[in-house]
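Encoded as structure tokens, the structure appears first; notes follow it.
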Amino acid sequence: MNFSQLMGLAGGHVEARIVQCAVQLKIFDSLEATSLSAKAVASALQLDSAACELLLNALAALGLLHKTGESYALTEISRQHLLRSSPRYVGAMIFFDAALWSCWEKLPDALRSGKAVRPANMYQELHEETETFIDGMDALVKARGDTEYLADAIDWNRIQTLLDVGSGPATYPIALCQRFSHLRATVFDLPATLEISERNVQHAGMNRRIELIAGDYRSDAVAGHYDAIFLSNIVHGENYQNNETLIAKLAPCLNPSGQIVIKDHILGDSRAEPAVGAIFSLLMLLTTDGGRCYSFTEIAAWMKNAGMSQVRQIDFPPPLTSSLVIGQR
């Protein structure tokens, strides 16, 4: 690492806030139809013209806009991911990141106490918080294409029934049921989250193939038997003991030769790489009760203790940052 890279890390919040504010103010949407001058963008969005020009220049410098003369236009990446009309729009995730600003500000407090700096409630108390969180997860998965990689990584033709534990927006079961006509899915999640899951399932026309069950996987029994049980971005929100207990609870719900599939940031044994997982663990410190990212060795131990065998890891290519850990009953 050189000095410039060091200072880029230290000041990385600047670029983040520029992008977050541009999405919030609908800068990219204003340029969807045609290129415009700073004055025209400011007029359309009721912004100060001189201030707007500064923002547009910064966005051009970051590669999110093209500037030709005094006109600004969308780049390929901004058109694909920063327009609300795009199926790969990631703005909802950017809004969620922006909502975490106050948590990161309190990182020193969390490091002193070892405790979360906000209620570790999985964003269940306020509907607005729940919606921001769950819609952010949905947007990120769709923008990156996670569902396509998951569909190709496993032989779904041998799986008739799927349980998605902590499914959130139900993005995965919806996409998998759309692709595999034989598949039936059950979503098990907290009540406030399930309201959004239901909205998405209905919108996709999947009411007859996706069942919704309200419950807390920490304390409630999980009924039924399934060919596969899927946990996406669940284990990083729990402490080691809770995860071990959860896997032990889920294993008996598998049909013979059934699989538990965990999708998450999977660390190496040093727990210092890959970087995305090591850094993400700090967000879990800020927002959960003892959550962090785990290594393959740790996850494999939970599965083996629950009677699972043939535990393996499948790494996804960029831009995905996660891997699968799969154990078979």
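Conditions (1) outside any helix (DSSP H, G or I); (2) within 21 Å of GLU15 (Cβ to Cβ); (3) out of contact with any Gly (no Cβ under 6 Å at 6 or more places or on another chain); (4) in the same structural domain as GLU15 (by TED's automatic domain parsing), marked per residue:
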{"site": "ALA42", "(1), (2), (3), (4)": "no, no, yes, yes"}
{"site": "LEU47", "(1), (2), (3), (4)": "yes, yes, yes, yes"}
{"site": "LEU56", "(1), (2), (3), (4)": "no, yes, yes, yes"}
{"site": "TYR72", "(1), (2), (3), (4)": "yes, yes, yes, yes"}
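Could you list, in sequence order, the residues of region 37-88 that are loosely packed, with under 13 Cβ neighbours inside 10 Å and within 28 Å of the chain's Cα centre (by Cα)?
ALA61, GLY63, GLU76, ILE77, ARG84, SER85, PRO87
Give region 155-168 a look and list any residue that's within 15 Å of ASN255 (Cβ to Cβ) and aliphatic (A, V, I, L, M), or say none.
Correct list: ILE159, LEU162, LEU163.
Within region 250-269, is even one residue assigned to a loop (DSSP other than H, G, I, E, B), over 23 Å from ASP315 (Cα atoms) and polar (S, T, N, Q)?
Scanning region 250-269, I find no residue that is assigned to a loop (DSSP other than H, G, I, E, B), over 23 Å from ASP315 (Cα atoms) and polar (S, T, N, Q), so the answer is no.
Restricting attention to region 126-139, and to residues there that are farther than 19 Å from GLY291 by Cα and free of Cβ contacts under 8 Å to residues at least 60 places away in the same chain, which single residue is surrounded by the most Cβ atoms within 10 Å (Cβ to Cβ)?
Checked region 126-139; the qualifying residue surrounded by the most Cβ atoms within 10 Å (Cβ to Cβ) is GLY136.
What do you reckon, is ILE196 touching a strand residue (DSSP E or B) at 6+ places or on another chain (Cβ under 8 Å) and either surrounded by 18 or more Cβ atoms within 10 Å (Cβ to Cβ) or of a type in the set (Lys, Arg) (or both)?
Taking the combined requirement at face value, the residue does not satisfy it.
Answer yes or no: is there a residue in region 222-232 that is within 19 Å of the chain's Cα centre (by Cα) and either under 22 Å from LEU283 (Cα atoms) or free of Cβ contacts under 8 Å to residues at least 40 places away in the same chain (or both).
Going residue by residue through region 222-232, those that are within 19 Å of the chain's Cα centre (by Cα) are 229-232.
Still in the running and either under 22 Å from LEU283 (Cα atoms) or free of Cβ contacts under 8 Å to residues at least 40 places away in the same chain (or both): 231-232.
Yes - at least one qualifying residue is present in region 222-232.
The values are calculated or read from the model by the stated rules, or taken from the named source; none is laboratory data. Computed from a predicted model, the values in this text were never measured in an experiment. Positions of Cβ are backbone-derived with ideal geometry, glycine not excepted, and every protein chain shown enters the neighbour counts.
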